[in-house]
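I have placed the structure first, in the form of structure tokens, so that the comments after it can refer back to it.
The values are calculated or read from the model by the stated rules, or taken from the named source; none is laboratory data. Just so it is clear, the structure is predicted and the values come from calculations on it, not from any experiment. Using ideal geometry, Cβ is built from the backbone for each residue, glycine included, and neighbour counts are taken over all protein chains shown.
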Amino acid sequence: MTLPTLPGPDQIATAAASIAGRTLRTPALALTSDRWRGILPDAASVTVKLELFQQAGSFKARGVLLGIEALSAAQRAAGVVAASGGNHALAVSWAAQAAGVSARIAMPATVDPLRIDGCRTMGAEVTLCADMPAAFAEMDRVVAQEGRAILHPFDGAHMTLGAAVCGAEYAAQAPQIDVLVVPVGGGGLIGGLGAAFKVANPGCTVIGVEPVGADSLTRSLAAGHPVALDRIATIADSLSAPRAMPYSLGVAAQVVDRMVHVTDDQMRAAMGHYMDVLRLMAEPACAASLAAICGPLRDDLAGRHVGIIACGSNISVARFAAVMAG
């Protein structure tokens, strides 16, 4: 397995400066309310970074901005293409519109209509596909036929660097964190966050969370090479990457200490906790790290300072109700 160079402090600081003023410094909230009693594990502290308040509704905004900044003049003229279950699609549509770049998005037809409409409202051309593997195939077809530049949802130095900017911001907001628990789709978020936290605190434990029915990174780390899934079965469409990719896998291999699985029911329960306690309507991916610390990690966090991330939430009221109803 090829191990890419991790983003360092100077590179992260330069990237942060280049997008300052166009992204938001999202809040890091200590979960200290008595209303969390009995829900959270017996940890020394639990903090959540609320990336669902970021531009375009998710952490993706930083990396996508960096990706568009890196395009050549010819690539800008040809436009960009992305495959996504929603959050990346919205971030690409938002950033491309701001830069005056044409965007095409391939999305599963089953995603929340709020996401499809959001992309089209921001000027992107959306192609609906049968599922995520078909969306990735459509992205590859567009590249071959139209010469557009890929803005991959997780595999690329710009996405890792964008997540590292988020991680450096989070580590500065909550320097006590010594266990970081991160939702995983393709691995771009955990790679960047993990790299930044390891710079701030080399002893920090970085734990990835994947749905039971979409665990390409878990399998790929175990195999030592990218693994493609034959089938995806999860309510967390934002965590439904059909395959791991070389760059993000190589980054994750250097920073991830452990992977755990969460079930759909555990994510539903965490969605309910966010709604009941914080009045936040979290999509399943947004609730995955909370689901992990309340579920498979619950007995392992005593005395630890835990950091989780609400990575994004582009979900309609109707879809939220449908997911919660099972």
Exercise. Any residue in region 174-186 that is touching a Lys or Arg at 6+ places or on another chain (Cβ under 7 Å) and part of a strand (DSSP E or B)?
Worked result: yes
For this session: Mind telling me which of the residues Ala168, Ala130 ends up being surrounded by fewer than 20 Cβ atoms within 10 Å (Cβ to Cβ), among the small types (Gly, Ala, Ser) and out of contact with any Lys or Arg (no Cβ under 8 Å at 6 or more places or on another chain)?
Result: Ala130
Problem set entry | Lone qualifier among Val256, Val199, Val184, Val260 - being in contact (Cβ under 8 Å) with a residue 12 or more places away in the chain and surrounded by 24 or more Cβ atoms within 10 Å (Cβ to Cβ) | Val184
Exercise. Taking region 1-47, which residues are outside any helix (DSSP H, G or I) and under 16 Å from Arg298 (Cα atoms)?
Worked result: Leu31, Arg37, Gly38, Ile39, Leu40, Pro41, Asp42, Ala43, Ala44, Ser45, Val46, Thr47
Problem set entry | The lone exception for Leu90 - which of (1) farther than 21 Å from Val323 by Cα; (2) of a type outside the set (Lys, Arg); (3) modelled with pLDDT of 95 or more it fails | (1)
Seminar exercise, completed: A careful count of residues in region 168-194 that are within 14 Å of Thr205 (Cβ to Cβ) and of a type in the set (Gly, Ala, Ser) gives 2
For this session: Quick one: count up the residues across region 24-64 that are hydroxyl-bearing (Ser, Thr, Tyr), at pLDDT 95 or above and farther than 19 Å from Pro175 by Cα.
Result: 1
Problem set entry | Exclusive hit being surrounded by fewer than 23 Cβ atoms within 10 Å (Cβ to Cβ) and either hydroxyl-bearing (Ser, Thr, Tyr) or in contact with a Phe, Trp or Tyr (Cβ under 8 Å, 6 or more places away or on another chain) (or both), set Gly162, Gly156 | Gly156
Exercise. Of the residues Val317, Val306, which is surrounded by 19 or more Cβ atoms within 10 Å (Cβ to Cβ) and either under 28 Å from Ala228 (Cβ atoms) or out of contact with any Phe, Trp or Tyr (no Cβ under 8 Å at 6 or more places or on another chain) (or both)?
Worked result: Val306
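Only one residue in Val92, Val64, Val81, Val101 is in a loop (DSSP other than H, G, I, E, B) and either touching a Gly at 6+ places or on another chain (Cβ under 8 Å) or closer than 22 Å to Leu161 by Cβ (or both), so which one is that?
Only one candidate qualifies: Val101.
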Problem set entry | Conditions (1) assigned to a helix (DSSP H, G or I); (2) touching a strand residue (DSSP E or B) at 6+ places or on another chain (Cβ under 9 Å); (3) charged (D, E, K, R); (4) closer than 30 Å to Ser316 by Cβ: number failed by Asp276 | (2)
Problem set entry | Residues being touching a helix residue (DSSP H, G or I) at 6+ places or on another chain (Cβ under 7 Å) and part of a helix (DSSP H, G or I) - total across region 248-271 | 12
Seminar exercise, completed: Subset of region 236-245, residues part of a loop (DSSP other than H, G, I, E, B) and buried (at least 24 other Cβ atoms within 10 Å of the Cβ), comes to Ala236, Ser240, Ala241, Ala244
